[in-house]
Amino acid sequence: ESGGALLLHGTVTNYHYSESLDSSQSTCSRTVTDANGQSTTVQVPCTHYTRRGHAQVAIAFNVTHTGSGQTIYASTFQDSSTATQTATDAEPGYINGEGMLAQLRAGVTEQFARIILPWRETVRVRFGRCGEARAFCDEGIVAVREGNFPQAIASFQEAARWLETRPE
């Protein structure tokens, strides 16, 4: 109404990945086969390794009216994720930290988009029998399909009134 446009602006305030590798000494069971083919279980020292990757993303989004300079919306969206790899007597495999960050960035951007963009959802409703009020129900269904919701409401209300007066 007042002219101008909207400026959408996002600033990444946190985009961090860290990784740690921990180890602990333990005793593991191993099966050993001797020269005669006999198998026995023995206890041997071993090391358990755990690699943990932790990703954090925060993005501050602003919507500003360019004509007035007024901030219409401002909020920070954030998320975090942790991944773990374990192994015994060897370092565990690689954790894709960049992939974790990219997935979090996409998720917080989608959260923001759901708030400011028109979000179309389809709802399907199966109507019951309208009996003698079928003409009103049909009118309401046509109005819904055309996006004329005030007319649809009026038609369905009329169908309900019609059916309330005829209990049979």
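The values are calculated or read from the model by the stated rules, or taken from the named source; none is laboratory data. Note that the structure is predicted; figures quoted are calculated from it, not measured. Because the Cβ atoms are built from the backbone with ideal geometry, glycine has one as well, and the counts that use them run over all protein chains shown. Only protein heavy atoms, including side chains, enter the accessible area calculation; ligands, DNA and RNA are left aside. Shrake-Rupley method; radii C 1.70, N 1.55, O 1.52, S 1.80 Å.
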Practice problem: Scan region 62-80 and give yes if some residue there is under 16 Å from the mean Cα position of the chain (by Cα) and among the hydroxyl-bearing types (Ser, Thr, Tyr), otherwise no. | Solution: yes
Quiz item: Which is open to solvent by 90 Å² or more (accessible area, probe 1.4 Å) and touching a residue at least 24 places away in the same chain (Cβ under 8 Å), of Leu7, Leu21?
Solution: Leu7
Quiz item: If a residue has to be loosely packed, with under 14 Cβ neighbours inside 10 Å and either assigned to a helix (DSSP H, G or I) or touching a Cys at 6+ places or on another chain (Cβ under 7 Å) (or both) to count, how many in region 127-159 make the cut?
Solution: 12
Quiz item: Does region 66-82 contain any residue that is open to solvent by 60 Å² or more (accessible area, probe 1.4 Å), without any contact (Cβ under 8 Å) to a residue 60 or more places away in the chain and closer than 30 Å to Ser26 by Cα?
Solution: yes
Practice problem: Determine whether Tyr73 is of a type in the set (Phe, Trp, Tyr) and either modelled with pLDDT of 95 or more or not in a strand (DSSP E or B) (or both). | Solution: no
Self-check item: In region 83-92, the residues that are surrounded by 15 or more Cβ atoms within 10 Å (Cβ to Cβ) and either polar (S, T, N, Q) or part of a strand (DSSP E or B) (or both)
Solution: Ala83, Gln85
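For the structure I just gave you, tell me whether Gly99 is modelled with pLDDT under 90 and open to solvent by less than 70 Å² (accessible area, probe 1.4 Å). Step through it out loud before you land on a result.
Details: modelled with pLDDT under 90: no; open to solvent by less than 70 Å² (accessible area, probe 1.4 Å): yes.
No: the conditions fail for Gly99.
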Quiz item: Quick check: anything in region 93-110 touching a residue at least 24 places away in the same chain (Cβ under 8 Å), over 14 Å from Tyr15 (Cα atoms) and not in a loop (DSSP other than H, G, I, E, B)?
Solution: no
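So which of Val42, Val63 ends up being in contact with a Phe, Trp or Tyr (Cβ under 7 Å, 6 or more places away or on another chain) and open to solvent by less than 60 Å² (accessible area, probe 1.4 Å)?
Answer to the selection: Val63.
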